[in-house]
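The structure appears right after this line, and notes come after that.
The values are calculated or read from the model by the stated rules, or taken from the named source; none is laboratory data. Everything numeric here is computed off the predicted structure, so don't read it as measured data. Cβ sites come from the backbone with ideal geometry, for glycine too, and all protein chains shown count toward neighbours. For the accessible areas, the whole protein counts, side chains as well, though only heavy atoms, and no ligand, DNA or RNA atoms are used. Shrake-Rupley method; radii C 1.70, N 1.55, O 1.52, S 1.80 Å.
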Amino acid sequence: MPATVVLGAQWGDEGKGKAIDQLAPHSSWAVRFQGGSNAGHTIVIGDTTLKLHQIPSGVTSRHCNLVLGDGMVVDPWVLEEELERWFALTGERPEGARLFISERASIILPFHRLYDSADKVVGTTGRGIGPAYRDRTERVGIRFADIPRVLAEEKRILATVSRMNHQLNTVKVKQQISAEELKADLQWILERFGAAIRPTGLMVDIALRNGENVLLEGAQGALLDIDQGTYPFVTSSVVGRANATHGAGIHPGHVTECFGITKAYCTRVGNGPFPSELSLDSGPGQHMAQVGHEFGTTTGRPRRTGWLDIVALKEAHRISGYTGLVVTKLDVLGGLDEIKFCIGYELDGRPISYLPTTADEVDRCVPVYETHEGFPELSDEDWIEMAEHSRAQGIGYAAMPEPVRNIVSRIEQLSGIPVVSVGVGPDRRASIAAVDGPFDVEWDEVTF
């Protein structure tokens, strides 16, 4: 009864979508268990680039059922846009057929986006995620299961609108919500997605008891976790392994594998401490940003860049217990004379080997680096050829040049996590898997 968890091991944007796309052909279900449209997963298949925000990345495998899980906050309007793009590309309407929305998931309404837009401190995406989670915690939010009852209760509509407008006033947002608008929005959601709203936890549980494979897909990354991340510069949900099954509506005993996804360097979008950060104006930081096309999938904001932070990676491993590590974007480091890993910090003059609790302390951490020989830059075509040679010959990492293998080996040694796959380009073919590992599998051929 296997469930596999795929999680970000940094500050998000690690390349989770590609890993899930590669595992989905061998899974019957792909379940998003937290977050909302603040997530951005990119899949590149040939000349086609898919940018997904709420639809699970298993969508490219037509036999794979898709779930927006119990723990999510779902923006129906963003979902509508995603589904229309998918229909234009493929002619498929998966909603209600193989894409299902948990009746327990919370709804992001226009109010939540308006309220979120007032944030000037954390640097959120402005998608309404935090306010929607806050409403859930305060037990005043509306779930998909609640829509019919809310529409039938005029007093609740009026009370909800009054609360929303009062809160908008407190953050100096002039736009207001009317009862008519709220009712119209809820009615549209029910009519548009009614066939897809299901008890998805029960459905996934039945699938697991029938021996089917399930992918549990995380959003954001370990260092953005509301409890374990660099608070308050974090997301609004628990992003780690402990929430994967809970947010999907199943028990943790189903999980057999948990893969952490990390870039071969680090990036961060928005505000918050970043010990190994480099300048975007010149040098390796600029190289990473330009070669890696480091712009947020959801916001388009430039990502801050830095050397791979092993201390932070080990903290992520402590929280989620990765059974394997997927290292992405190793190709981006090609052309640098030397490559560094942050292996410790100095905090106020004393050495430490852990990530401090407060953002102020993390911000004062000075990285301690280990330096390694770089390797030459290769074209996307060269990396794909290398990856396909590795698969054809069944030789795994032996297909890579020695300096590249050394980098992979050192990441494995320092983190204490076996590296099961290495990404060497954006295309789904540009991955090299460990021999006989969980990613050493055949993928579906997908064309658009």
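Here are the numbers:
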quantity	calculated
Among the residues listed as 146, 119, the single one being open to solvent by less than 60 Å² (accessible area, probe 1.4 Å), without any contact (Cβ under 8 Å) to a residue 40 or more places away in the chain, under 28 Å from residue 30 (Cα atoms) and not β-branched (Val, Ile, Thr)	146
Lone unmet requirement of (1) at pLDDT 90 or above; (2) open to solvent by 40 Å² or more (accessible area, probe 1.4 Å); (3) not in a helix (DSSP H, G or I) for residue 14	(2)
Candidates 182, 158, filtered to the one that is open to solvent by 60 Å² or more (accessible area, probe 1.4 Å) and modelled with pLDDT of 95 or more	158
Of the criteria (1) open to solvent by 20 Å² or more (accessible area, probe 1.4 Å); (2) in contact with a Lys or Arg (Cβ under 9 Å, 6 or more places away or on another chain); (3) within 26 Å of residue 322 (Cβ to Cβ); (4) of a type in the set (A, V, I, L, M), which one residue 384 fails	(3)
Any hit, region 64-79, residues being among the hydrophobic types (A, V, I, L, M, F, W, C), within 28 Å of residue 424 (Cα to Cα) and within 15 Å of the chain's Cα centre (by Cα)	no
Residue pairs meeting the criteria (Cβ under 9 Å; at least 6 apart or on separate chains; first within 10 Å of residue 217 (Cβ to Cβ) and touching a residue at least 60 places away in the same chain (Cβ under 8 Å), in region 45-67; second hydroxyl-bearing (Ser, Thr, Tyr) and in a loop (DSSP other than H, G, I, E, B))	58/27
Index of the failed condition, residue 370 passing every other in (1) open to solvent by 70 Å² or more (accessible area, probe 1.4 Å); (2) touching a strand residue (DSSP E or B) at 6+ places or on another chain (Cβ under 8 Å)	(1)
Matching residues, region 389-448, being of a type in the set (D, E, K, R) and touching a His at 6+ places or on another chain (Cβ under 9 Å)	410, 442, 444
Tabulated pairs, region 285-309, first under 14 Å from residue 339 (Cα atoms), second surrounded by fewer than 15 Cβ atoms within 10 Å (Cβ to Cβ) and modelled with pLDDT of 95 or more, C-beta under 6 angstrom, 6+ apart or interchain	285/279
Any hit, region 416-432, residues being assigned to a helix (DSSP H, G or I) and loosely packed, with under 15 Cβ neighbours inside 10 Å	no
Test set (1) modelled with pLDDT under 95; (2) touching a Gly at 6+ places or on another chain (Cβ under 8 Å) - residue 170 fails condition number	(2)
Residue count for region 304-323, restricted to those that are surrounded by fewer than 24 Cβ atoms within 10 Å (Cβ to Cβ) and either modelled with pLDDT under 95 or within 20 Å of residue 41 (Cα to Cα) (or both)	1
Positions within region 61-81 being farther than 24 Å from residue 135 by Cα, open to solvent by 10 Å² or more (accessible area, probe 1.4 Å) and either at pLDDT 95 or above or not basic (Lys, Arg) (or both), in sequence order	63, 65, 81
Pair list, Cβ < 6 Å and 6+ apart or interchain, from region 359-373 residues that are touching a residue at least 24 places away in the same chain (Cβ under 8 Å) to residues that are part of a strand (DSSP E or B) and of a type in the set (Asp, Glu)	366/346; 371/338
